[in-house]
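Any read-out appearing in this document is the output of simple, stated calculations on the displayed coordinates, not a laboratory observation. Nothing here was measured: the structure is a model prediction, and the numbers come from that model. Note that each Cβ is placed from the backbone with ideal geometry, even for glycine, and that neighbours are counted across all protein chains shown.
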Amino acid sequence: MGKVLCELCKKKCSGNALRVQDRYFHIECFKCAVCTSSLAQGGFFFRDGKYYCTGDYQKMFGTKCAGCGQFVEGEVVTALGNTYHQKCFVCARCRQQFPSGEKVTYTGKECLCSKCIQIPVVTSQSAEEPHINGAVKCAGCSDDLREGQALIALDKQWHIWCFKCTHCNVVLHGEYMGREGQPYCEKDYQKQFGVKCAHCDRFISGKVLQAGENHHFHPTCARCSKCGDPFGDGEEMYLQGGAIWHPRCGPGPDGKMEDRKLDDSQKDAVAEEQTVGTHPPSPKSFRSASPHDSLKIQ
């Protein structure tokens, strides 16, 4: 190798020297063109014949993430003329990252995921909602609700990303169940408050038929304890303890064959309130006030 000169000081390189892109430097001469800090031990950038440390290169030539404002490196997402870190490109409502390949909808104001674009929003203020100085507050986080951010559920207004299951904290995009003003996903609601059918062992949503103190049925699962056949809509039954049967299958508990219908005062609803979003009304149970009454399915 012939005489080698340092690219910076133009003096002969002898002993330890650095070779960078077919150029040679004394170790002490390989510096950032802006701050003059040594580049010998760390990363560097090269532009227009000059070498820069990471910080100075980003300040002069770097691209900032439109989401977090920090400089971006490596894999990025470009959308609507803006550049994002992959983790920062999120749905404007639920704040979740867009899965790879998912459709992103731009509303003219914000980018939304396929789930949030289907959720209706409210833009007017409800007189019953909590507000301070005219600003409606989210029932979940108590922060102000801006136009296009809110949904109405359980007689309250929420940020879409704040409407979560009270137990598991998952954002509720579609169906939900409510209790005492708090939202739940159906799975957690049933685990904590649900009633299982004594016939099929599945949780009951909708109408509940209660036989005795501890037996509950889907109306379609209630079966005669004598013949095993189900009860038709509006068909009468005898009830005693956990046993229910057709009048035609045997005498009533008092030994008589005639049917005695329950009047309205002998029917009561399940005490616990259940609100179901996009579901039928709250479940009702019908029970006999006396073991000697016949019960009519409603």
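Annotation: the residues 117, 244, sorted from fewest to most other C-beta atoms within 10 Å of their own C-beta, follow the order 117, 244.
Highest mean packing comes first when the peptides 215-227, 19-31 are listed by Cβ atoms within 10 Å, giving 215-227, 19-31.
Compared with the direct C-alpha span, the chain from residue 22 to residue 187 gains 52.9 nm at full extension, assuming 0.36 nm per residue. Counting Lys and Arg as +1 and Asp and Glu as -1, what is the net charge of the other residues whose Cβ lies under 13 Å from the Cβ of residue 60? It works out to a net charge of +2. Hull volume per residue, based on the alpha-carbon atoms of region 131-190 and their convex hull, is 78 Å³. Remark: spin-label model distance residue 152-residue 10 equals 7.9 nm, labels positioned 7 Å along the Cα→Cβ axis. Separation of the alpha carbons by more than 25 angstrom is noted, of 156/187; 87/164; 3/59, for 3/59. Centre-to-centre, using Cα atoms only, region 4-28 and region 156-190 are separated by 66 Å. Each residue of region 62-69 was assigned a 3J(HN,Hα) from its phi angle through the Karplus curve 6.51 cos²θ - 1.76 cosθ + 1.60 (θ = phi - 60°); the sequence is x, 10, 8, 5, 5, x, 10, x Hz, with glycine and proline shown as x. Residue order for 112, 5, fewest other beta carbons within 10 angstrom first, comes to 5, 112.
Could you tell me which of rounded, prolate or oblate describes region 1-117, using a ≥ b ≥ c as the square roots of the eigenvalues of the alpha-carbon gyration tensor, with rounded for a/c under 1.5 and, failing that, prolate when a/b is larger than b/c and oblate otherwise? It is prolate, given that a/c is not under 1.5 and a/b is the larger ratio.
Here the spin labels are modelled as points 7 Å beyond Cα on the Cα-Cβ line, and at residue 71 and residue 95 they lie 2.8 nm apart.
Look at the Cα gyration tensor of region 76-117: its axes a ≥ b ≥ c give a/c of at least 1.5 with a/b at or below b/c, and that counts as oblate.
The calculated pair-distance distribution of region 17-61 uses every alpha carbon pair, bins of 5 angstrom beginning at 0, and gives 5, 24, 36, 23, 9, 2 percent.
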